[in-house]
Every structure is written in structure tokens, then in C-alpha cells.
Amino acid sequence: SYVLLLSAGMWCVQTAGSALGIAVSLKAIYWVALGLNLFAWTAVIAVVFRFLLEELNAKAAAVVALLLGLNPMIGYWVASGMDTPLAMLSQVLIWVWVVRLDRRVGTAPGRRAAYALIAAAMFSMVTRAEGFLWPMLAIAWLLVRGHRRQALAVGGIFVVFAACVVG
């Protein structure tokens, strides 16, 4: 997915450059990657902030969001141009949605959390080669927590999707 997103971003940059009469070098790919990574990092901070705002309080959510935003290693990953921030976003989404599903099983918000968890698992699968691991851990978590039906539903859909990706 990262390569596809980079390709789409590069196409947009080159199309805009052509429209303005500017020749865009292939070296612009770094800036496209940086923009994509900044977006992913910002999304991680926003998702974690909102989740902690619901789970804890505004002060704790703000402190964690600030620490995420000021973390020099994450900044390094963002600047590297690699797919690490996108993978981090997929992992955070899985974590948030499995916790929400665990706490809301049997309710309408629980069903929405299951759908969101499936989408996050699919996103993880196409993000990195090891992207199948986090969804499997989420499914294992649901099993350990006694949510067999939800684990089987999420796991079944994920396995079918993973088989299609691998196939």
C-alpha cells in the first residue's frame, strides 16, 4: 500500500507540475514520502489522543499526544521516507479497535468496532510483510478475553482477505 500511495502522490505532484509548466524530478518522491509519513504520524497522534480522551482524561491524553509528537525516533522514521509511520498507524488502529470491541461486545458500537477492526486488519496486511501479525494478536486477544464469536468472525474474514492478498 505504501508503494501505491507513493505512486499516487508522485502522479499528483507530476501532474500539478505539468499544469504549472514545472518539470518535477523523480527526487520529489522523497518529499511525497515525507508528506505521507507526516500525515500518518499526525493520524497516530490524533487516534491515540482521542482514544485516551475517552479512556482516561484530557490531561493524560494531551501528555501522551505531546510525547508522541516530540519523540525523536518517530521523527527519524518519518524523515527516513520508509513506511514505518504507516505501519505504526495500522498497529495503533488495530489496538484501539480491539480494545473498543472488547469493551462493547454485543452492542451496536461493538459491531461497529468489529467492522473497524476488520478494516484496520486489512490495512495492516497490505502495509507490511509482517502485517498479518498484529491482526492475529488482536484475534488472540479476543479469544483470551472470551469473545470467541467475535474472534472467529474477525479472524475468518481476515483469513479470507489474507488468502486473497497472498494468492
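The values are calculated or read from the model by the stated rules, or taken from the named source; none is laboratory data. These numbers were taken from a predicted model, which means no experiment stands behind them. We place every Cβ from the backbone using ideal geometry, glycine too, and count neighbours over all the protein chains shown. Note: accessible area is taken over every heavy atom of the protein model, side chains too, but ligands, DNA and RNA are not part of it. Shrake-Rupley method; radii C 1.70, N 1.55, O 1.52, S 1.80 Å.
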In Hz, Karplus ³J(HN,Hα) per residue of the stretch 120-128 (6.51, -1.76, 1.60; θ = phi - 60°; x = Gly, Pro): 5, 5, 5, 4, 4, 4, 8, 8, 9
Placing one identical point scatterer on every Cα of the stretch 75-146 and ignoring solvent, what is log10 I(q)/I(0) from the Debye formula at q = 0.18, 0.28 Å⁻¹? -0.66, -1.19
Using alpha-carbon coordinates, inclination of helix 58-70 to the longest axis of the chain, degrees: 40 degrees
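With Cβ to Cβ distances under 13 Å as the rule, what net charge do the other residues near P109 carry (K, R +1; D, E -1)? Don't skip to the end; give the middle numbers.
Values: positive: R100, R103, R104, R111, R112; negative: E54, D102.
With Lys, Arg at +1 and Asp, Glu at -1, the neighbours total +3.
Determine the relative contact order of the chain: mean sequence separation of Cα pairs under 8 Å and six or more apart, normalised by residue count, in whole percent. Walk me through the numbers before you get to the answer.
On the way: 157 pairs, mean separation 29.2, N = 167.
Result for the chain is 18 percent.
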Normalise the Cα radius of gyration of the chain by 2.2 N^0.38 Å (N = residues in it) and let me know the number. 1.18
Rounded to the nearest 10 degrees, the helix 2-20 long axis (Cα) sits at an angle to the longest Cα principal axis of the chain of 40 degrees
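Taking a probe of 1.4 Å, how large is the accessible area per residue of the chain, in Å²? Numbers along the way, then the final one.
Working: 9740 Å² over 167 residues.
I get 58 Å² per residue for this part.
Please report, as a whole percent, how much of the solvent-accessible surface of the chain comes from carbon and sulfur atoms (probe radius 1.4 Å).
Details: 7110 of 9740 Å².
That share works out to 73 percent.
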Rounded to the nearest 500 deg cm²/dmol, what is the calculated helix-only ellipticity per residue at 222 nm for the chain, with -39500 (n - 2.57) per DSSP H run of length n ≥ 4? -28000 deg cm²/dmol
Helix 84-103 versus the longest principal axis of the chain: what is the Cα-based angle in degrees, 0 to 90, to the nearest 10? 20 degrees
